[in-house]
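Inspection log for the structure reproduced underneath, given as structure tokens.
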Amino acid sequence: MKITVIGTGYVGLVTGACLAEMGNHVVCLDLDAEKIRVLEEGGIPIHEPGLLEVVQRNRAARRLQFTTDVAAAVNHGTLQFIGVGTPPDEDGSADLSHVLAAARNVGRHMTDYKVIIDKSTVPVGTADRVQAAVAEELAARGMALEFAVVSNPEFLKEGNAVEDFMRPERIVVGADDERAVLLMRALYSPFIRNRDRLLVMDVKSAEFTKYAANAMLATRISFMNELALLAEKVGADIELVRKGIGSDPRIGYHFLYAGAGYGGSCFPKDVKALLKTSSETGLELKVLRAVEAANEHQKHVLVEKIVARFGDDLRGRRFAVWGLAFKPNTDDMREAPSRVVIRELARRGAAISAYDPVAMAEAQRV
């Protein structure tokens, strides 16, 4: 298939490279000329294990190309993946300006049937706004071309994204257009030969599924961290408790590790966005609000322990911080708990030596 991927960040680049790996001809579009320069020279703008090799292999095979030419990119693929960022606004809602700009570019340049696929994490109702944006551009051109809008959220884990894409646990497709569904089934059939993992549903349910999944995982992390605090108070070993509850198949072991709180580009942003959506409907998600509050507190727990041991004045003391990114095997420093720890220690006068095997450059940048 001929595919266009709009955006060469984490979601877009992994999507484009992995689809090319299965024999598709993919053009990745980005308006950032510096990103495209790096990609054209054989590099990648992010750290993700295994991704560089996939990109280089498919560039060499001419199945994967990069461009800043909007018209050429739009006219290349029947399938148009939107994989741009949706950063949080000040009120917690997702900023859809990049998504809608991408949709308008498709409407401005398309000349035949297109399937426009939201790969980015977007709130419920975004597909309707994408539909309207494309239709508006077509109307301005005096054209009545057919197109479909599909929600196909990514469920990639940073540090394991290539493996997650190539061997998906499930593929969610939200679509109301049967022609689009058939194309999506054909696209993903090589990824699900052993077992049909494609879940077809309506668009709004697909959009909601991504937020619900991340909110559920964030809840497990915050709840486990609170259990760890209580275990410490009563003299229980939280690692043994983890094994005791994780062995229950109704619970399982995933996301049951106590730590300094969750961070990264997904959980904090998506929890805020879901809370914003709920407030707009007049419904308060009390549990999710508590999850967010517990996570913010957890980022300060280590500092509180240090202050309890050494006092509030840490001048003359040096602390080592091992690991800076929000999780291993990534350079993503967004919402990383280490940032809170370092800031609070430095504010109290401490000297700090920090190291991360992957994220040093990004840590220095932020």
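The values are calculated or read from the model by the stated rules, or taken from the named source; none is laboratory data. All figures in this text were calculated on a predicted structure; none of them were measured in a lab. FYI the Cβ positions are ideal-geometry reconstructions off the backbone, even for glycines, and counts take in every protein chain you see.
When segment 41-62 is limited to residues that are of a type in the set (Asp, Glu) and either at pLDDT below 95 or surrounded by 15 or more Cβ atoms within 10 Å (Cβ to Cβ) (or both), the one that is nearest to residue 363 (Cα to Cα) turns out to be 48.
Does residue 153 qualify as being in contact with a strand residue (DSSP E or B) (Cβ under 9 Å, 6 or more places away or on another chain) and within 17 Å of residue 15 (Cβ to Cβ)?
Numbers: in contact with a strand residue (DSSP E or B) (Cβ under 9 Å, 6 or more places away or on another chain): yes; within 17 Å of residue 15 (Cβ to Cβ): yes.
In short, yes.
Here the condition is being without any contact (Cβ under 8 Å) to a residue 24 or more places away in the chain and in the same structural domain as residue 80 (by TED's automatic domain parsing); of 53, 21, 40, 48, it holds for 53 alone.
Of note, residue 164 does not satisfy the criterion of being over 19 Å from the mean Cα position of the chain (by Cα), surrounded by fewer than 20 Cβ atoms within 10 Å (Cβ to Cβ) and free of Cβ contacts under 8 Å to residues at least 60 places away in the same chain. Against the numbered list (1) within 24 Å of residue 214 (Cα to Cα); (2) modelled with pLDDT of 95 or more; (3) not basic (Lys, Arg), residue 302 comes up short only at (1).
Can you confirm whether residue 30 is free of Cβ contacts under 8 Å to residues at least 60 places away in the same chain and surrounded by fewer than 16 Cβ atoms within 10 Å (Cβ to Cβ)?
Details: free of Cβ contacts under 8 Å to residues at least 60 places away in the same chain: yes; surrounded by fewer than 16 Cβ atoms within 10 Å (Cβ to Cβ): no.
Against the criterion (free of Cβ contacts under 8 Å to residues at least 60 places away in the same chain and surrounded by fewer than 16 Cβ atoms within 10 Å (Cβ to Cβ)), residue 30 does not qualify.
Between 354, 346, which is at pLDDT 95 or above, within 24 Å of residue 266 (Cβ to Cβ) and not assigned by TED's automatic domain parsing to the domain that holds residue 50?
Details: 346 fails: within 24 Å of residue 266 (Cβ to Cβ).
Only one candidate passes the filter, namely 354.
Of the residues making up segment 302-331, those that are among the aliphatic types (A, V, I, L, M), in contact (Cβ under 8 Å) with a residue 12 or more places away in the chain and surrounded by fewer than 18 Cβ atoms within 10 Å (Cβ to Cβ) number 3.
Could you please give the count of residues in segment 97-126 that are hydrophobic (A, V, I, L, M, F, W, C), under 18 Å from residue 30 (Cβ atoms) and crowded, with 21+ Cβ neighbours inside 10 Å? Don't jump to the end; show me each part of the working.
Step one: filter segment 97-126 for residues hydrophobic (A, V, I, L, M, F, W, C), giving 99-103, 106, 110, 115-117, 122, 124.
Going one step further and asking which of them are under 18 Å from residue 30 (Cβ atoms), we end up with 99-103, 106, 116-117.
Narrowing further to those that are crowded, with 21+ Cβ neighbours inside 10 Å: 99, 102-103, 106, 116-117.
Qualifying residue count for the region: 6.
None of 278, 222 is touching a helix residue (DSSP H, G or I) at 6+ places or on another chain (Cβ under 9 Å), surrounded by 14 or more Cβ atoms within 10 Å (Cβ to Cβ), assigned by TED's automatic domain parsing to the domain that holds residue 327 and without any contact (Cβ under 8 Å) to a residue 60 or more places away in the chain except 278.
Going through (1) in contact with a Gly (Cβ under 9 Å, 6 or more places away or on another chain); (2) at positive phi one by one, residue 205 falls short only on (2). Here residue 5 meets each of (1) in contact with a His (Cβ under 8 Å, 6 or more places away or on another chain); (2) in a strand (DSSP E or B); (3) of a type outside the set (S, T, N, Q) with one exception, condition (1). Just so you know, in segment 167-186 the residues that are closer than 18 Å to residue 14 by Cβ and basic (Lys, Arg) include one that is surrounded by the fewest Cβ atoms within 10 Å (Cβ to Cβ), and it is 167. Inside segment 336-366, can you point out the residues that are of a type in the set (D, E, K, R), surrounded by fewer than 20 Cβ atoms within 10 Å (Cβ to Cβ) and outside any helix (DSSP H, G or I)? Listed by number, the list holds a single entry, 348.
Here residue 189 fulfils each of the conditions (1) surrounded by 13 or more Cβ atoms within 10 Å (Cβ to Cβ); (2) assigned to a helix (DSSP H, G or I) apart from (1).
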